[in-house]
1. Can you tell me which residue in the stretch 115-137 is most open to solvent (accessible area, probe 1.4 Å), limited to those that are hydroxyl-bearing (Ser, Thr, Tyr) and at pLDDT 90 or above?
2. Give the residue that is modelled with the highest pLDDT, with candidates limited to residues of the stretch 138-154 that are open to solvent by less than 100 Å² (accessible area, probe 1.4 Å) and either aromatic (Phe, Trp, Tyr) or closer than 14 Å to Gly99 by Cα (or both).
3. Being modelled with pLDDT under 90, open to solvent by less than 70 Å² (accessible area, probe 1.4 Å) and of a type in the set (Gly, Ala, Ser), is that true of even one residue in the stretch 75-97?
Amino acid sequence: MGKYKDLISGVCGMILSAVFFMLSVQIGLKEKDAIGASFLPKIVTVMMFSMFAIVTYRGMKDVKAGKEEKKLDYAPNFKGVALMFIAMLVYAYLLKPVGFIITSILFLMAAICLMTKKEELKPVKYTVIAVIVVIFIYFIFMEVFGIRIPKGIL
């Protein structure tokens, strides 16, 4: 089973990406808008599908070559994955009432901190990065794409 992990996860990811793409097509498009709310989900799902196709291809190559599962040089971080999933749920719950800017800055800071080794944490640097990235994304969606983003308490 171990040598089939990449193949199975790649195929499952491609199927999930295709389902998400079909769902994103159903997002309404206003008559006057060239780029609507479905634009970004479509782009993301095409990128996801492409990445999973690469994983599937590599998995097929490994199976054909008879490669066994590689030993990891690190311990899996299940706690970090669980905390990241919880952070995503909290983000989704707070997005509308609190607003995109505040919620996204907090989420991005949490995500960066969760993925960084404790001895390498630099909270001021991560805060600056999060603020710049979120303001940039906000500007792109509001001004370039004309897509409204939840303002929340701001």
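1. To start, the set of residues in the stretch 115-137 that are hydroxyl-bearing (Ser, Thr, Tyr) comprises 116, 126-127.
Now drop any that are not at pLDDT 90 or above, which leaves 126-127.
Working: Tyr126: 27, Thr127: 50 Å².
Among them, the one singled out is Thr127.
2. Ranking the qualifying residues of the stretch 138-154, first place goes to Tyr138.
3. Yes: one or more hits.
The values are calculated or read from the model by the stated rules, or taken from the named source; none is laboratory data. As the structure is a prediction and not an experimental result, all values here were calculated from the model. Keep in mind that these areas ignore ligands, DNA and RNA; they rest on the heavy atoms of the full protein, side chains included. Shrake-Rupley method; radii C 1.70, N 1.55, O 1.52, S 1.80 Å.
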